1. Restricted to region 193-227, and to residues that are among the β-branched types (V, I, T) and surrounded by 16 or more Cβ atoms within 10 Å (Cβ to Cβ), which residue is modelled with the highest pLDDT?
2. Does I243 meet the test of being in the same structural domain as T264 (by TED's automatic domain parsing) and at negative phi?
3. I need the full set of residues from region 137-146 which are surrounded by 14 or more Cβ atoms within 10 Å (Cβ to Cβ) and in a helix (DSSP H, G or I), in order please.
4. Give me the residue from region 6-28 that is in contact (Cβ under 8 Å) with a residue 60 or more places away in the chain and of a type in the set (D, E, K, R) and, out of that set, surrounded by the fewest Cβ atoms within 10 Å (Cβ to Cβ).
5. Please tell me if L272 is closer than 21 Å to G218 by Cβ and either assigned to a helix (DSSP H, G or I) or modelled with pLDDT under 85 (or both).
6. Would you mind listing the helices (runs of 4 or more DSSP H) fully within region 36-136 where at least 2 residues are closer than 15 Å to D5 by Cα?
7. Only one residue in I94, I110, I65 is under 21 Å from the mean Cα position of the chain (by Cα) and free of Cβ contacts under 8 Å to residues at least 24 places away in the same chain, so which one is that?
Amino acid sequence: MTRLDIETLRTLCAIVDHGGITRAAEKLALSQSAISHKVKRLETSLGSAVLTRRPGAPLLTDDGIKLLAYARRICALHDEAVQSLCKQPLSGRIRLGMTEDVTSSDLSLILGRFTRLHPAVSVHTRVQQSLVLQRQLENAEIDIALMQVFANQVRATDRLLFRDRLHWVKALDVEFEPDAAIPFLSYDDDCFYKNWAIGTDLHPSGLRIVLECASSAGIASAVRSGLGVALLPGRYVTDAMQILGGNFTEPPELAYVLRKGPTTSSEPVDTLAQEIVSRVTTQNELRVA
């Protein structure tokens, strides 16, 4: 009977989380040949390939994607069992930053599970815009952040959680004067959506800001009320909204990432990061509550 080695499953997760064998080897303090050998032995045991090994192709084969979901669940359950029996419980303090839209997701379930497993770890959370969180990371005011960036700004050290599309949207029954400035529902000055929109030649008639709100839920409500157009992630677009194209420049793709501070080094932080990554990447999103 074929058996799956848990360290090999961890290696597969690391390859995906860090974007390839080279970076996974650096993270795991192993040689590339050692990583390749682990994967090859796994593939031989399963009788199927899990990595594509073709330039420009997705990292995982279909079987690899299927195995990754099991690997994350197996590793998470293993770690939970070890932690529950550990005589030296994890302790410390984590300063966590997150964006407002993340607070309205099922991240609360992940944090709840983490605090039950590690009652001696104190988690203090701040909710801010992504640009503010980045400044706080750089200033060592927080240890770790769940934030959005444009997909082309993902760093090699980020843990990519999932991607989403950014859309121009309006209410279904609203039309705007073709030669007038478009009423724009904006996030506040610390939002990189707004900075991109204002700094780009997006529409021949230009934009006229009629609302500023830091909340995605507030922006979505204003869109449904017909107050103007807005930029919203796909996870907030509903059947009551129309996605706009034509004269509207297509926005960049979004990436939700887990980013640590440049000087952050902490076992509690690393444990929480792994818990979030394993849970979120298994379901490919943080579901909106």
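The values are calculated or read from the model by the stated rules, or taken from the named source; none is laboratory data. Note that the structure is a prediction, hence the values are computed from the model and not measured. Every residue, glycine as well, gets a Cβ built from its backbone with ideal geometry; the counts of neighbours run over all protein chains shown.
1. Restricting attention to region 193-227, the residues satisfying the condition of being among the β-branched types (V, I, T) are 198, 200, 209-210, 219, 223.
Narrowing the set further to residues that are surrounded by 16 or more Cβ atoms within 10 Å (Cβ to Cβ) leaves 219, 223.
On the way: I219: 92, V223: 95.
Taking the candidates together, the pick is V223.
2. On the way: in the same structural domain as T264 (by TED's automatic domain parsing): no; at negative phi: yes.
Answer is no for this residue.
3. Within region 137-146, just L137 meets the criteria.
4. Looking at the filtered set, the residue picked out is R23.
5. On the way: closer than 21 Å to G218 by Cβ: no; either assigned to a helix (DSSP H, G or I) or modelled with pLDDT under 85 (or both): yes.
No, not satisfied.
6. Details: elements: 62-85, 100-103, 107-117.
In region 36-136, the matching helices (runs of 4 or more DSSP H) lie at 62-85.
7. On the way: I94 fails: free of Cβ contacts under 8 Å to residues at least 24 places away in the same chain; I110 fails: free of Cβ contacts under 8 Å to residues at least 24 places away in the same chain.
After applying the criteria, what remains is I65.
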